[in-house]
Amino acid sequence: MPAADSMRASAPRVGFLGTGRIGLIRMRSLVEDGLVVPAMISDPSPAMVDAARALAPDALVAASLDEMLEHDLDGLVIATPSALHAEQSIRALERGLAVFCQKPLGRTQSEVASVVAAARQANRVLGVDLSYRHTEGMRRIRDLVQSGALGEVFAADLVFHNAYGPDKPWFFDKALSGGGCVMDLGVHLVDLALWTLGFPDVTSVTGHLFSRGAPIARDGDTVEDFATATLTLATGTVVRISCSWHLHAGRDAVIGADFYGTKGGASIANVRGSFLDFSAYHHSGTSSVALSEPPDAWPGRAATAWASQLRAGGRFDAAAEDFTIVADVLDRIYAR
């Protein structure tokens, strides 16, 4: 049976369900920081299991989630296909395990709300890998916004264009993925905008989706590879987002966020097309002051923040309700 009720003061015993590329990166962050004991691993690929065991040679190998739930675990890190996230998270939470899940937590607002409700009922820590919140640049920009240093933020523009695209067929099946580039990349942009601005109510959402350059129905079955959306907030702020796969952008990726206020502005942008390196600036008129520059070891911070809460005996955090708000905006972009 799970040991979550004891909430060990020592490193919690954690299972890793899915140890592909993303799962392995998160596992490495937690193992190298010594925040958890990697007790079990499970992945359908023998090669991925071998890679995980190289990081955690003492971990038991499980054939399934069912087997993992029968062992002595405090938490579960989930990095499986999107269609499985909500069900697997709920099952783990109902057995008393804390959960850290790869985004999206669910394909729809309803799925996400069900997971959050399960975490609340179980009183367990729930984390989602919305990792860009944890870049030093975004932390500094949020501090500026929340302190009032930018004045009233009346507009924000956020982009995430990926010159490549997913390498798994299920990403292109909307029933399995929940959506295309909006679900994959736009989720980060919506989360960053609302998190930075303090999660004000979203009064209206409009969106335009494209596939191979042609407009597509927002509520159809075709998966989009380019999208734009406009969010109008209760504060009057207008947020515009744009995201894509396979865009001819002249570099690997274009990732950025600009916040415009009555007293100043702030921006973050990736450096030379990098997925990992970002520079951030505080603008005043024609002058700019650097807030952060590479290097910044941010990719594993969302997972380590969750593990730190778990190790400290943390319980359900009401901030997890924000995951439902983000999912609702995605549903509205898809006209669901």
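The values are calculated or read from the model by the stated rules, or taken from the named source; none is laboratory data. All values derive from a computational prediction rather than experimental measurement. FYI the Cβ positions are ideal-geometry reconstructions off the backbone, even for glycines, and counts take in every protein chain you see. We work out accessible area using only protein heavy atoms, side chains counted, and drop any ligands, DNA or RNA first. Shrake-Rupley method; radii C 1.70, N 1.55, O 1.52, S 1.80 Å.
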Cβ pairs under 8 Å, 6+ apart or interchain, first in region 154-167 and hydroxyl-bearing (Ser, Thr, Tyr), second open to solvent by less than 40 Å² (accessible area, probe 1.4 Å), ordered by first then second residue, are Tyr164/Trp245
If we keep only residues of region 146-192 that are in a strand (DSSP E or B) and open to solvent by 30 Å² or more (accessible area, probe 1.4 Å), then the residue nearest to Val202 (Cα to Cα) is Phe154
When every residue in region 293-309 that is farther than 15 Å from Met27 by Cβ and touching a Phe, Trp or Tyr at 6+ places or on another chain (Cβ under 9 Å) is compared, the one surrounded by the most Cβ atoms within 10 Å (Cβ to Cβ) is Trp298
Among residues of region 222-251 being touching a Ser or Thr at 6+ places or on another chain (Cβ under 6 Å) and in a strand (DSSP E or B), the residue most open to solvent (accessible area, probe 1.4 Å) is Arg240
Tyr260 vs (1) open to solvent by 50 Å² or more (accessible area, probe 1.4 Å); (2) part of a loop (DSSP other than H, G, I, E, B); (3) within 25 Å of Ile333 (Cα to Cα): all pass except (2)
- Does Ala92 satisfy being touching a strand residue (DSSP E or B) at 6+ places or on another chain (Cβ under 6 Å), touching a residue at least 24 places away in the same chain (Cβ under 8 Å) and part of a helix (DSSP H, G or I)? yes
Picked from region 28-82 (must be of a type in the set (Asp, Glu) and assigned to a loop (DSSP other than H, G, I, E, B)), the residue most open to solvent (accessible area, probe 1.4 Å) is Asp58
So, first residue outside any strand (DSSP E or B) in region 281-308, second residue open to solvent by 50 Å² or more (accessible area, probe 1.4 Å), Cβ within less than 6 Å, six or more apart or across chains; the pairs are Pro294/Asp277; Asp296/Glu136; Thr304/Asp33
Picked from region 302-336 (must be in contact with a Ser or Thr (Cβ under 7 Å, 6 or more places away or on another chain) and not hydrophobic (A, V, I, L, M, F, W, C)), the residue farthest from Ser114 (Cα to Cα) is Thr304
